[in-house]
Structure formats: C-alpha cells, structure tokens
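What follows is one structure encoded as structure tokens, with my remarks underneath.
The values are calculated or read from the model by the stated rules, or taken from the named source; none is laboratory data. The structure presented is a predicted model; accordingly, all values stated were derived computationally and were not measured. In this analysis, Cβ positions are derived from the backbone assuming ideal geometry, glycine residues included, and neighbour counts consider all displayed protein chains.
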Amino acid sequence: MPTDAATSYSAPAALAAIIRSSYRVANMAVTETERGKLANAGAAGVITGRATVEATHRFASRFSDSFAADFYRQIGSGLFGSSIGMGTYLGECDDDEDRRYSNLVTEGLASGLNVVDTAINYRCQRSERAVGRALRDAIGSGLISRDQIVVCTKGGYVPLDRAPPESREEYGRYLRGTFFETGVMAASDIIAGGHCMTPRFLASQIAASHANLGLDCIDVYYLHNPEQQLDALGRDQFIAAIRTAFIQLESEVARGTIGVYGCATWSGFRVFAASRNHLSLSELLGVARDVGGPDHHFRVIQLPVNLAMPEAIRTPTQQADGANTAVLPLAQAMGISVVASASLMQSQLTHDLPRGVGSIFPSLETDAQRAIAFVRSLPLSSALVGMRATAHLHENLAAGRAVIQA
C-alpha cells in the first residue's frame, strides 16, 4: 500500500551498526510578455497537466503487488511516488546516451517507477530532452498518463546547449547571445563561476525546461545547489537572494508552471553551521513562510544519502527549538519531503560492501540492490538511481521488494 514517508523511524540495531561504521540579487519582475519571449520554440505539442494525488495513487495501486508495501510514498504536495526514482545526471553528451536514457525512462515507467529526476544543466540540456522524448512516447502510446508521473527538474547553473564549448571564446559568445543580449541576466548576476538564481534567470530556466521536457508544468522544481553562492556571498546577501528566488518560485506556482519547489543540494545540509556552505533548513523554511505564508510551496529537499554518506541521519548539522539534529528527522518533523541523490554514489557502492549489509537484506543478491534498499529503509520519499541499461533497471527494481530485517 502507498505510504506517507513522514512516519517515525528507528534504525534496526544491525542497520544502525552499519551506519555507524560506514563511510547579489536582482528583484526584477518578469512580465507575461517577457515570459512569452523566454519560452522558446517547441510549444506545439506540449503535454498539458501535472501529477495529481488521485492519479499517482491509482498508479501506485496498479503496481502494489510488485513491490514492498511501503514502496510508494508521498512527496511534495502529497503525490504518490516510487521510492526508487530515475536519475539522469551521468553520461556523455551524445545521441547514443540520449537514446539509452529515453528507452530506460520509458521502461522504468512501464515497470512501476513514476519519479523522474533531471536538471537543465545535465548533459548540456540533453537529459531533459531525453526525458521529454520518453514522456511523449509513454503518454502517446497510452502506457501512462501525465497525471501519474512526478517530473522533477532543477535550475541554478548556467546550462550549456547540446555540447560543451570548444574554447573560452565560444563560451563567451554563447553567454552573450543566449543570456546577456537577451536580457535574461547580466554578467554580474553569475556567482561563483557559473551559478545564478535571479528571478529573471529562474523564469527563463523554467520556460526552457518546459520546452525541453515538452510539458507545461513541472511537478517539483529545485534550486540547484544554492549553497554554491555562499562561496561568493555573505550569509545576509545569500538569504536575500534566496528570498527573491522563493518569491519568483511562489509566483510560478501561482501561474501553474510548477507544482512545488525546494532545494537540491550537495553539501549544504550535510555540513555543520560553522561551515561556509551550511544551509539551515529552519532558515529556509522561515523564508518560505515569510514570502508564501502558511500555505507556501517549499515542500521538498534533495541531498546525497547513501551507506557512505549517512550525514542526513547521523550528523546533527541542523538546529531547531534549541536542539541539534540531523536534517532527515528535522525535515520529517517539518513535513518536508526528502529525496536522496547519489544512492549508489556513482556506482561506487555496487560492490565490496561490508558483509553485515547482506544479512540485513537476505533476499537481495547484489550490493547495488542492498545499497538502494538501505536508502529505501529510511523515512524519505525516493532514492534516486542513475540507470542507463535495462539489466541495471531490473536489478535495481528488486531493491523495491526487499523487507528490512530487524
């Protein structure tokens, strides 16, 4: 049966032992006229709609006999998503890789996975476009309906287009022609070498992601590694930038271009407050409440969680009500969904795991399955896994059937 990920969690003793031993800001309004200009060609044939609670619940019920009882969990606004999600980060910027991703996403949807995670900068926008082709094929063939798929993407990094530039001069021409001369952003808006989250830039990125994906609404939209700006901005400047970004994202929700929003991070939630790149979930939630009120739409965070990176559950990097706590239980208490990235740590956890992990998941045959099952055993919504081969898809699906042993 589908479940709510925000349930209490206590690690079994054996699992707990494994965990212990493991390894500037522009506030410019974006007019509707400007928005129309930002939306590039490709509006024809756009798939309308968004994921809904009812439709994702039907999808989960359809596949409920294929997985463990807690496989489908609520995410964001209460959508029911697969606790194994399809990631699209790695790979070459070429047509063969595009085909592999499109085919894999289509097959994953057919196999019961309905969480798809990408970003506009992944593989020079090619990952978003590959996902878009898969969605058109799957929906067009009647395999699945748009309202059953939880589509997630990210914006924040200045994205390339199709292939990396061959020279610094080519990159400069690309920036001028695509962003500066069009008014999307100024050179001074780029922070820390390649990051931007001004309102106008975010609006342009959402419009571009719509075109790449062939959708008119993105279910979950993340600010992508916002902590990178802390390398260049002071904490007060950074929070001011977050505030204007959240104002823009709340306006995107109101327009129906995104469903909910959040932050996809790498280090921010895993490091202590004394670290320059630290993100305070309580502070971010406070900003969201200030700009969006009690019905704000800051509903999801993403960070690495795996056997070798267990900070989300064991390291008290966050403060709330005068106490120190790890980010996962804090998000759980706040009603914010957590999505795990790097579940296999870019394939490094597919082999040579400690022997004790096997005894916790006796029904599983491979270390990849066990590593995914470990992440699934936590009170989070989905564990993202990058998959580009059918054999890996079916191997990983087995982790969704595992029952953890106390």
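Here are some notes:
- Residues that are under 26 Å from ALA241 (Cβ atoms) and surrounded by fewer than 15 Cβ atoms within 10 Å (Cβ to Cβ) occur at least once in segment 295-313.
- Count of segment 381-398 residues which are farther than 19 Å from THR88 by Cβ and surrounded by 24 or more Cβ atoms within 10 Å (Cβ to Cβ): 0
- Segment 134-173, residues that are within 19 Å of HIS224 (Cβ to Cβ) and either outside any loop (DSSP other than H, G, I, E, B) or of a type in the set (Asp, Glu) (or both): VAL150, VAL151, CYS152, THR153, LYS154, GLY155, TYR157, ASP161
- For segment 368-406, filtering for residues that are within 25 Å of THR106 (Cα to Cα) and either of a type outside the set (A, V, I, L, M, F, W, C) or assigned to a loop (DSSP other than H, G, I, E, B) (or both) leaves 18.
- The sole residue among ALA130, ALA110, ALA119 that is touching a His at 6+ places or on another chain (Cβ under 8 Å) and not basic (Lys, Arg) is ALA119.
- Scanning segment 174-214 for residues that are part of a helix (DSSP H, G or I) and touching a Cys at 6+ places or on another chain (Cβ under 7 Å) returns a single hit, ASP189.
- Of the numbered criteria (1) touching a Pro at 6+ places or on another chain (Cβ under 9 Å); (2) modelled with pLDDT under 95, the one ALA320 fails is (1).
- Flag for ALA241 being small (Gly, Ala, Ser), at pLDDT 95 or above, farther than 30 Å from THR52 by Cβ and touching a Phe, Trp or Tyr at 6+ places or on another chain (Cβ under 9 Å): no
- Odd one out for ASP189 among (1) of a type in the set (D, E, K, R); (2) over 20 Å from ALA232 (Cβ atoms); (3) in contact with a Lys or Arg (Cβ under 9 Å, 6 or more places away or on another chain): (2)
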